[in-house]
Amino acid sequence: MTALSLDHWEDRKRYIDLPRKRQMAFIDTEGPGPVLLMLHGFSDTSRSFSMLEPYLQEYRLIVPDLPGHGSSSIGHGFHVADFAETIDRFLTLMGISRLFLLGHSLGAMTAIELAARRSCSVRAMGLISGTLEPDFGSESTLTQDILALRDPIKPTGGFLRDWYFCNHPVNEDFLGRMKHDAANMPAEIWHGVVKAFAETNLRHSASKIDSPVLCISGSEDPLFDESHRQQLAEAFPTAQSVTLPGQGHNPHWEDPRCVSTLVTEFFAEVMMQAGARISTQTSIGDR
């Protein structure tokens with residue numbers, strides 16, 4: 001990740017008008033291949049996927065700032081279903097009907113809800129550090145620390161230092177900008193999302209999904225541990241699951257080349273299998 005790409009990320013953002021005088025900010029790389037919609041995690045922005053972009057040049061990457069994050073307007077609610085509803089409307093306005101999905105953390109949850117709504121649109125889905133039940137626990141230190149946040153949030157404070165801790169070295173300039181983006185998100189949104197997490201269970205939405213699923217996680221994820229990975233495996237019994245040894249909650253930052261390779265190889269296999277099915281059907285039809 002170069003200083004130039006970090007400096008110009010904000011300049012590359014485009015904006016689309018949503019109902020109720022809201023706007024959504026997003027990156028569109030206009031790549032030559034199929035659409036890959038990338039949904040970032042809680043408190044992050046589209047910048048979260050900037051380290052993956054160099055490895056995904058064959059796709060048209062669509063990377064929005066989720067509602068209330070980055071440069072996008074606050075949505076009408078803080079539940080995963082609310083985020084998915086806004087992204088669903090965004091895709092309609094963009095005229096996108098077929099896509100691959102990649103989500104991280106909150107973005108992975110939103111991807112599950114979105115795929116349940118658009119079962120015929122999603123060609124395949126990748127989930128990084130995902131879960132079906134994100135409740136941190138009302139009495140947990142993390143929940144209490146989030147509810148204690150007040151504006152202005154300090155980008156160099158202890159909370160964001162711990163929140164963005166990574167098990168392996170990550171570009172310090174990149175992390176600094178991620179912390180700055182997170183600090184700019186109003187405390188109201190931090191509070192709203194963590195409260196909504198306590199009411200979230202995506203099992204029913206997951207049961208509606210027929211698309212191929214790839215689950216990527218870090219073995220040392222401090223937020224969503226083995227029990228969360230097991231829930232995903234049970235919800236998606238045919239999913240391809242990869243647990244990266246020693247990685248934490250942000251494996252796409254800690255080893256972007258590895259994560260990109262897993263994603264591109266999985267999507268390529270899905271496309272190859274789809275092509276083979278079409279070829280077989282054509283052959284049968286020609287008999």
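Remark: spin-label model distance Glu58-Glu220 equals 3.2 nm, labels positioned 7 Å along the Cα→Cβ axis. When DSSP beta bridges are restricted to pairs lying wholly in the range 16-126, around 35% turn out antiparallel.
Between Ile74 and Glu265, the contour length at 0.36 nm per residue exceeds the alpha carbon distance by 65.2 nm. In terms of the Cα gyration tensor, with a ≥ b ≥ c the square roots of its eigenvalues, is the range 189-252 rounded because a/c is under 1.5, prolate because a/b exceeds b/c, or oblate? The shape class here is oblate.
Using r as the Cβ-Cβ distance of Lys21 and Arg117, and R0 as 25 Å, what FRET efficiency do you calculate, to the nearest 0.05? Rounded to the nearest 0.05, the efficiency is 0.55.
Once both labels are positioned 7 Å from their Cα atoms along Cα-to-Cβ, the gap between Asn184 and Glu30 label points is 2.4 nm. For Lys13, the lysines whose Cα falls under 27 Å of its own Cα, not counting residues fewer than eight places away in the same chain, are Lys21, Lys154, Lys179. Computed about its Cα centre, the charge dipole of the chain is approximately 880 debye, with only Lys, Arg, Asp and Glu carrying charge at their Cβ.
Each of Leu106, Ile146, Trp190 was scored by the projection of its Cα onto the charge dipole of the range 92-216, and the greatest displacement toward the positive side belongs to Leu106; charges sit on the C-beta of Lys, Arg, Asp and Glu. A straight chain from Ser140 to Phe165 at 0.36 nm per residue would run longer than the Cα-Cα distance by 7.2 nm. Here the chain yields Rg over Rh of 0.96, to two decimals, using C-alpha coordinates and the Kirkwood radius. Mean sequence separation of contacting Cα pairs (under 8 Å, at least six apart), scaled by the length of the chain, corresponds to a relative contact order of 19 percent. Take every Cα pair under 8 Å whose residues are at least 6 apart in sequence, average their separation, divide by the length of the range 194-261, and the relative contact order is 36 percent.
Evaluate 2.2 N^0.38 Å with N set to the residue count of the range 1-122, then give the Cα radius of gyration divided by it. In units of the 2.2 N^0.38 Å rule of thumb, it is 0.98.
A Cα-only calculation for the range 92-179 places Rg and Dmax at 16.9, 44 Å. Taking every Cα-Cα distance in the range 169-287 and sorting them into 10 Å bins starting at zero, the pair-distance distribution P(r) comes out as 10, 26, 34, 20, 7, 3, 0 percent.
Rounded to the nearest 10 degrees, the inclination of helix 80-94 to the longest alpha-carbon principal axis of the chain is 60 degrees.
What you get for the range 137-287, charging only the Cβ of Lys and Arg (+1) and of Asp and Glu (-1), is a dipole of about 340 debye around the Cα centre.
Looking at the chain, send over the antiparallel percent of its DSSP beta bridges, to the nearest 5.
Looking only at bridges with both residues in the chain, the antiparallel portion is about 25 percent.
Among Ala111, Ala274, Ala25, whose mean-square fluctuation peaks in a Gaussian network model of the chain (Cα, cutoff 10 Å)? The residue that fluctuates most here is Ala274.
Among Ile128, Ile27, Ile16, which one moves the most in a GNM of the chain with springs linking Cα atoms closer than 10 Å? Largest GNM mean-square fluctuation: Ile16. Solvent-accessible surface of the range 11-169, taken per residue with a 1.4 Å probe and all protein chains present: 39 Å². Based on C-alpha pairs under 8 angstrom that are at least 6 apart in sequence, the range 105-174 has a relative contact order of 24 percent.
Farthest towards the positive end of the charge dipole of the chain, among the residues Phe236, Gly33, Phe267, is the Cα of Gly33, using unit charges on the Cβ of Lys, Arg, Asp and Glu. Computed from the C-beta positions of Lys208 and Val242 and an R0 of 25 Å, the FRET efficiency is 0.60 to the nearest 0.05. In this view, the solvent-accessible surface of Trp163, computed with a 1.4 Å probe and all protein chains in place, comes to about 50 Å².
Per-residue ellipticity at 222 nm for the chain, helices alone: DSSP H runs ≥ 4 residues times -39500 (n - 2.57), over residue total, nearest 500 deg cm²/dmol?
My calculation for the chain gives -12500 deg cm²/dmol from helical runs alone.
Full extension of the segment from Ala148 to Glu234, taken as 0.36 nm per residue of separation minus the current Cα-Cα distance, would add 27.5 nm.
Axis angle, to the nearest 10 degrees, between helix 172-184 and the longest C-alpha principal axis of the chain: 70 degrees.
Nearest 20 debye, what's the magnitude of the dipole of the range 1-105 about its Cα centre given +1 on Lys and Arg Cβ and -1 on Asp and Glu Cβ? Mind showing how you got there, number by number?
Numbers: 10 positive and 13 negative charges, 56 e Å.
That gives the range 1-105 a dipole magnitude of about 260 debye.
Once you order the gyration tensor axes a ≥ b ≥ c over the Cα atoms, which shape class does the range 14-59 get: rounded for a/c under 1.5, otherwise prolate or oblate by comparing a/b with b/c? Verdict is oblate for the range 14-59.
The values are calculated or read from the model by the stated rules, or taken from the named source; none is laboratory data. Computed from a predicted model, the values in this text were never measured in an experiment. We place every Cβ from the backbone using ideal geometry, glycine too, and count neighbours over all the protein chains shown. Ligands, DNA and RNA are excluded from the accessible area calculation, which covers all protein heavy atoms including side chains. Shrake-Rupley method; radii C 1.70, N 1.55, O 1.52, S 1.80 Å.
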